[in-house]
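The values are calculated or read from the model by the stated rules, or taken from the named source; none is laboratory data. As the structure is a prediction and not an experimental result, all values here were calculated from the model. Quick reminder, even Gly has a Cβ in these numbers, built from the backbone with ideal geometry, and neighbours come from all protein chains shown. Just so you know, the surface numbers come from the protein's heavy atoms only, side chains and all, with ligands and any DNA or RNA stripped out. Shrake-Rupley method; radii C 1.70, N 1.55, O 1.52, S 1.80 Å.
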Amino acid sequence: PEAKACDFVLFGTKGDLARRKLLPSLYQLDKAGLLNEDTKVIGVAKDAFTHEEFNELVVKALRGFVKEELCEETLARFLTRCHYIGTNFTESEGYQAFHELLEPHKRVMVSYFATPPAIFGDICRCLHEQNLIQPDSRVVLEKPIGSDLASSKVINDQVAAFYNEDQVYRIDHYLGKETVQNLIALRFANSLFASKWDNRTIDHVQITVAEEVGIEGRWGYFDKAGQMRDMIQNHLLQVLTLVAMDPPVNLDADSIRDEKVKVLKSLRPINLDNIYENTVRGQYSSGFLKGSPVPGYLEEEGANTQSNAETFVALRVDIDNWRWAGVPFYLRSGKRMPTKSSEIVVYFKNPPHNLYRSNYRNLPPNKLTIRLQPHEGVEIQMMNKVPGLEQKQRLQTTKLDLSFTDTFKNERIADAYERLLLEAMLGNQALFVRRDEVEQAWTWVDGIIQSWEESNEKPKPYPAGSWGPVASVALIAKDGRSWDE
Ligand code: BG6
């Protein structure tokens, strides 16, 4: 569906996110004919750019970050939508310029705050002082929403003073990934898994988000956050909720989010009593990535050599509810892993009785692998008989493999931000995180971070280019299991 006409206002338009992701995604939506013909894109930053200078910035961003060759016709159309306002974000006089551009009766104002969260409240206040917030205005918030429960409440309160919850769109870009959305389809558009999705059939679940990148000049931000706040609190917990939630009554935003919150509320707290059994923190030291030497975290540009920030986390998570009692979820995420790969692996229980025991003491389990990125797809590992006339049947694990790129050859896999920007313009909050979800996730994560602090638990070193500290292997091995290869 085509979105309503919007004034899409991009605060922080010069920033990395805007150039890498947001402007290219808006261009792709335009190319796909999904932007309303009246939609405007209004960049906001501090600099006093002319219209031409801003357009140059846009063209540079698109040439740099759109993966295919630009369509000149789309580019020309896109540039006619672009406008620029230079203002100090925290002083409302500068916001007067909006009155000349916005047409609230014709277009819905969708503001995207790609700025540090510390000034979200100021931007809201300035918009309010200039009378720019209408009942149908929307605001899209980039992460991180705080660094713990208390600070996230402050930010959420500041925004809530000017926008109702149904106007607030909190981004977790993992929710916009094609494969993450497919997870909902896989679970709820197929009967195959519906009756198998619980502790009677599933042994355990693994969620891995491995990144090849290190800190890439973001030390200042990352060192305060660490991998727990940067990746687990948001992306991995969001994926976990979609794997674990009960069927929603329908696909409405609140129906889905109600179910996700229930999962977050059921997470067994990790505290000083069980921190060692359930968590591993790591920090990469120098090593090799694809054969090339890379520096350790403490040797990165701008590093504080005493830092205790973790760049790797492995967790055993228990969900204390009817469906998942006794089924651990193992989560791990790290920077400078050997390869970029994100996947969910659902391990099913062994058959109740092994008829092949004379040949096979243990039958390998059935496994459902959902590859989030790269090589997006779904795979099922099953046992099959090897053809042949031998008396003793030979079995072999084989894969039913559905690769998205092979199966949907003519479809482009859209970037997560394209989907999310479109949904925000359409006014559908289903792929955005509700306030209670963020706060519930922080409540659980705070317990872990506090326990690490109180126990003085330092991150364990692991060489860049490896799968994390050995303790991560031990975390899962003590339960008689191993990480998926
Ligand atoms: C961001 C984190 O939210 O997600 C980054 O701040 C991380 O540190 C990135 O690299 C990973 O996203 P993706 O889509 O590349 O898996």
* **Selected from ILE145, ILE449, GLY480, residue furthest toward positive end of dipole (the chain; charges at beta carbon)** => GLY480
* With no solvent and one point per C-alpha, what does the Debye sum give as log10 I(q)/I(0) for the range 51-105 at q = 0.28 Å⁻¹? -> -1.11
* **Label-point gap, in nm, between GLU129 and VAL473 - each point 7 angstrom along Cα→Cβ** => 5.9
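Say R0 is 51 Å: what FRET efficiency, to the nearest 0.05, do SER482 and PHE65 get from their beta-carbon distance?
On the way: r = 38 Å, r/R0 = 0.75.
Working from the Cβ atoms, E equals 0.85.
Rounded to the nearest 20 debye, what is the charge dipole size of the range 111-214 about its Cα centre when +1 sits on each Lys and Arg Cβ and -1 on each Asp and Glu Cβ?
Values: 9 positive and 14 negative charges, 61 e Å.
Roughly 300 debye, rounded to the nearest 20.
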* **0 to 90° range, to nearest 10: angle between helix 149-160 axis and the chain longest Cα axis** => 40
* To do: Determine the shape class of the range 162-267: with a ≥ b ≥ c the square roots of the Cα gyration tensor eigenvalues, call it rounded for a/c under 1.5, and otherwise prolate if a/b is greater than b/c, oblate otherwise.
  => oblate
* Where in the range 57-97 does the label zone of GLU212 land, with the point 7 angstrom along Cα→C-beta and an amide N cut-off under 19 Å? -> 65-68
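Looking at the chain only, what percent of DSSP beta bridges run antiparallel? Nearest 5 please. Write out the running numbers ahead of the final one.
Values: 43 of 76 bridges.
Of all bridge pairs located within the chain, approximately 55 percent are antiparallel.
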* Asked: Taking the mean number of other Cβ atoms within 10 Å as a proxy for protection, how do you rank 251-260, 297-306, 20-29 from highest to lowest?
  -> 20-29, 251-260, 297-306
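Accessible area per residue, 1.4 Å probe, Å², for the chain: what's the number? Could the numbers behind the result be given before it?
Details: 22190 Å² over 485 residues.
Spelled out: the 1.4 Å probe surface of the chain, per residue, equals 46 Å².
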* To do: Compute the Cα gyration tensor for the chain, then decide on rounded, prolate or oblate, letting a ≥ b ≥ c be the square roots of its eigenvalues: rounded whenever a/c is under 1.5, prolate when a/b is larger than b/c in the other cases, and oblate in all that remain.
  => prolate
* Structure fact -> On the accessible surface of the chain, probed at 1.4 Å with all protein chains in place, carbon and sulfur together account for a percent value of 51
* Asked: How large is the dipole of the chain about the Cα centre if only Lys and Arg carry +1 and Asp and Glu carry -1, each at its Cβ, rounded to the nearest 20 debye?
  -> 2020
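Based on Cβ point charges of +1 for Lys and Arg and -1 for Asp and Glu, what charge dipole magnitude is obtained for the range 409-459 about its Cα centre, in debye rounded to the nearest 20? Mind dumping the intermediate values first?
Working: 6 positive and 11 negative charges, 72 e Å.
Charge dipole of the range 409-459: 340 debye, to the nearest 20.
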* Using the alpha-carbon atoms, what tilt in degrees (0 to 90, nearest 10) does helix 120-129 show relative to the longest principal axis of the chain? -> 30
